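The values are calculated or read from the model by the stated rules, or taken from the named source; none is laboratory data. Small disclaimer: the values here were computed from a predicted structure and weren't measured. Please note: Cβ atoms are built from the backbone with ideal geometry, for glycine as well, and neighbour counts cover all protein chains shown.
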Amino acid sequence: MYNAVNEAKNQVSEVIMEALGRLTGSGKIPAEPLPPFQVTIPADSSHGDFSANVALVSAKTLKSNPRAVAQMIAEAAELAGTAFDKVEVAGPGFLNFFVGNVWFADVVRNAVKLGRDYGKTDLGKGKRMLVEFVSANPTGPMHIGNARGGAIGDCLSSLLAEAGYEVSREFYINDAGNQVEKFGKSLSLRYMQVCGEAGQRVAAENKDIDSFTKAIYGEDGNSPEFPMPEDVYLGQDIIEHAKNYFDLNGDKLAAVSEEERRKALTEYALPLNIERLEQDLLKYRIKYDNWFKESSLHQSGAVAEVIEKLKAGGHTYEQDGALWLRATDFGGDKDFVLVRSNGFPTYIVPDIAYHYNKLITRGYDKAINVLGADHHGYVQRMRICLSAMGIDDSRLDVVIMQMVMLVRGGEAVKLSKRSGKAITLTTLLDEVPLDAARFFFNLRNSDTHLEFDLDLAVEESSKNPVYYVQYAHARICRVIEKMSEDGAVYGGGEVSYTEPAEFALVRKIAEMPEMINDAAKEYNPSALTRYAFELAQSYHKFYDSCSIKDAEQPVKLSRLALCEAARTVLRNVLALLKVDAPEKM
RNA sequence: GCGCCAUUAGCUCAGCUGGAUAGAGCAACCGCCUUCUAAGCGGUAGGUCGAAGGUUCGAAUCCUUCAUGGCGUGCCA
């Protein structure tokens, strides 16, 4: 795995350690253990390509001032055979290392040579990660939060794979429990409305399904003529299912028992919803490795086993007819219920069984869940449950994402999950290009609120960061194409650079593998969009100040090589985001 | 009440395992297309890093307290 930045950092450390060895050997500094120091890339390249704070952290131990210590190390440092041309003492006592031309040339040649493999690392070699994301309820369409979760989870998965982890993407289908009960109840109510006299009259007046559902739906899903009680789903999709079932099968369910009706309607609509979820996510360029059904955990007895295990471990007690988990034994605020007094387990029991399946049955090293901030209380409870099951709870990692605020015309778009009027993933994608949606949802750290500007996402201009990045790619392609028409093609030979804009672009290219490692460690796919933007920016600046067409032969090919390298890296990053890299715009 | 997250330029946000003059985009203002894609580039202006203490050679970054906002804290999921 090629990682020029990491190698250079290691070299800096080695050079310093050797210098310190010589200094203690000659008695110039006392032989004391020194604190660890850091090698970083300075923000300002006039401070060198790599910088070490060894003198600053060691000054106290050595009873000297940082600049004097730095000076001694700089003088004792042996740079022959390293990537570095020179080392300087600067500021309060930093050691600034400057890489030579060979380093820059190597970066470019390697990026061109490695192609799609450039940027890959082996950070996670041998580790298997299961990334679970979206897992929207199959009782209705996906909302805007699912859209953010989808983009984050999918790009996080790509990122981890790039860092060498073996990654599986998984969707957990909540096809059992209360939500599904409520789904059946809602369907049944709407079905009876559709069968009824009023429903038939509306059907006669509204031939197409859209106007029909709208008519039944009323103002906010609860029209006086077609009233719905509290605690049911009011989405128009429920009416649509009921109507479709009626069209296919007539009113034959009107006479059967409520229970039977709910069951039949659920068995009809739930698979359709699940298929719809899969289709919608595919359109969003998300393909799961596995769709895991909650119902399978009930059928296999895994849910019952969880309760038995927790009971056997002595972590439960009965009170008020319910079974409680002694969460306080594991640092929880309060105990909570596992099995309700009506005999049904709460939502967390199948979830425990599911995590047990991930970590023990299937043996993944880590289970990563992408969850909305409104579920963060759940995370602590799940950790407690895992501990109670004897599983190391650090094997569960959670990426919490804050809410999305949609903005249009400078004002917040009001969301209402309950009324079914929330903006769905599908309607979002009708309005916003796919590339923009995927890019925008990864624009910010997941743990900050995301302001999604619908106007900006649609705008085809430099204001829109997606276009800025894609434009850089298209520009590179055009340059390379133009030059090849003139017979100038980079064939992999020696290259050399002199201009600041060239160096800046090479440095940015060199950063990719480290960026991947850092972002993977932090589970932070937003680093990808940021990096893509910075890389595009470095290219635009290079393009502006360094002509390729008018350059003399050796310089021309070196710059062409740099274009190739930049294009490769841009493509690689966009591939991780699953955003198109257009050749023309 | 307790817990989690946030608070940095007019706006949206980076930077947070302590380091050099606190960065970027947008908005504002001034420039650059007979020259490889101006969907671009350069420049100007804009900051008591929510507040107050503390830790230290050094704090946007770590600790404490407080303020404001969001979300949790169900025999809902």
So is A:V379 within 9 Å of RNA strand B (Cβ to nearest atom), of a type outside the set (D, E, K, R) and modelled with pLDDT of 95 or more or not? no
Mind checking whether some residue in the range A:547-565 is near RNA strand B (Cβ under 7 Å from one of its atoms) and assigned to a helix (DSSP H, G or I)? no
Among the listed residues A:V69, A:V108, A:V134, which satisfies the condition of being more than 31 Å from the chain's Cα centre (by Cα) and not charged (D, E, K, R)? A:V69
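Considering only residues that are within 10 Å of RNA strand B (Cβ to nearest atom) and either in a helix (DSSP H, G or I) or not small (G, A, S) (or both), which ones fall in the range A:327-337? Steps first, please.
Keep residues of the range A:327-337 that are within 10 Å of RNA strand B (Cβ to nearest atom), which gives A:332-337.
If the condition is that a residue be within 10 Å of RNA strand B (Cβ to nearest atom) and either in a helix (DSSP H, G or I) or not small (G, A, S) (or both), then A:D333, A:K334, A:D335, A:F336, A:V337 are the ones that fit.
Can you go through A:Y284, A:Y233 and tell me which one is modelled with pLDDT under 95 and crowded, with 21+ Cβ neighbours inside 10 Å? Explain how you work it out, then say what you get.
Values: A:Y284 fails: modelled with pLDDT under 95.
Testing whether each residue is modelled with pLDDT under 95 and crowded, with 21+ Cβ neighbours inside 10 Å leaves just A:Y233.
Going by the structure shown, is A:V107 outside any loop (DSSP other than H, G, I, E, B), in contact (Cβ under 8 Å) with a residue 60 or more places away in the chain and within 16 Å of RNA strand B (Cβ to nearest atom)?
It is false that A:V107 is outside any loop (DSSP other than H, G, I, E, B), in contact (Cβ under 8 Å) with a residue 60 or more places away in the chain and within 16 Å of RNA strand B (Cβ to nearest atom).
Determine whether A:L272 is modelled with pLDDT of 95 or more, more than 30 Å from A:M129 (Cβ to Cβ) and part of a helix (DSSP H, G or I).
Yes, satisfied.
Answer yes or no: is there a residue in the range A:435-444 that is small (G, A, S), in contact (Cβ under 8 Å) with a residue 60 or more places away in the chain and near RNA strand B (Cβ under 9 Å from one of its atoms). Before the answer, list the steps.
Step one: filter the range A:435-444 for residues small (G, A, S), giving A:436-437.
Among the residues that remain, those that are also in contact (Cβ under 8 Å) with a residue 60 or more places away in the chain are: A:437.
Pick out the ones that are also near RNA strand B (Cβ under 9 Å from one of its atoms) and you get none.
The answer is no; no qualifying residue exists.
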The lone exception for A:D251 - which of (1) assigned to a loop (DSSP other than H, G, I, E, B); (2) under 32 Å from the mean Cα position of the chain (by Cα); (3) of a type in the set (D, E) it fails: (2)
Could you please let me know if A:I239 is farther than 16 Å from A:L265 by Cα and β-branched (V, I, T)? no
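One line per residue, one yes/no per condition, for (1) under 29 Å from A:D49 (Cα atoms); (2) part of a helix (DSSP H, G or I); (3) away from RNA strand B (no atom under 11 Å from the Cβ); (4) touching a helix residue (DSSP H, G or I) at 6+ places or on another chain (Cβ under 9 Å):
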site: A:Y468; (1), (2), (3), (4): yes, yes, no, yes
site: A:A472; (1), (2), (3), (4): yes, yes, no, yes
site: A:R475; (1), (2), (3), (4): yes, yes, no, yes
site: A:R478; (1), (2), (3), (4): no, yes, no, no
site: A:E481; (1), (2), (3), (4): no, yes, no, no
site: A:G493; (1), (2), (3), (4): yes, no, yes, yes
Please tell me if A:A55 is closer than 16 Å to A:F37 by Cβ, assigned to a helix (DSSP H, G or I) and more than 39 Å from the chain's Cα centre (by Cα). no
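Considering only residues that are buried (at least 17 other Cβ atoms within 10 Å of the Cβ) and over 19 Å from A:G301 (Cα atoms), look in the range A:338-371 and name the one that is farthest from RNA strand B (Cβ to nearest atom). Walk me through how you get there before you give the answer.
So the first thing to find is which residues in the range A:338-371 are buried (at least 17 other Cβ atoms within 10 Å of the Cβ), and the list is A:338-339, A:345-346, A:348-359, A:364, A:366-371.
Now narrow it down to the ones that are over 19 Å from A:G301 (Cα atoms): A:364, A:366-371.
Values: A:Y364: 22, A:K366: 19, A:A367: 17, A:I368: 17, A:N369: 12, A:V370: 14, A:L371: 9 Å.
Per the stated criteria, the residue is A:Y364.
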Selection status of A:A536, part of a helix (DSSP H, G or I) and either of a type in the set (D, E) or within 10 Å of RNA strand B (Cβ to nearest atom) (or both): yes
The conditions are (1) farther than 19 Å from A:S45 by Cβ; (2) surrounded by fewer than 18 Cβ atoms within 10 Å (Cβ to Cβ), and A:E88 fails exactly one of them. Which is it? (1)
Does at least one position in the range A:523-535 carry a residue that is touching a Leu at 6+ places or on another chain (Cβ under 9 Å), on the phi > 0 side of the Ramachandran plot and surrounded by fewer than 23 Cβ atoms within 10 Å (Cβ to Cβ)? yes
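Being at pLDDT 95 or above and more than 18 Å from A:R276 (Cα to Cα) is the requirement here; does A:K182 meet it? I'd like the intermediate steps shown before the answer.
On the way: at pLDDT 95 or above: no; more than 18 Å from A:R276 (Cα to Cα): yes.
Judged against the criteria, A:K182 is not a match.
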Out of (1) surrounded by fewer than 21 Cβ atoms within 10 Å (Cβ to Cβ); (2) assigned to a loop (DSSP other than H, G, I, E, B), what's the single condition that is false for A:F503? (2)
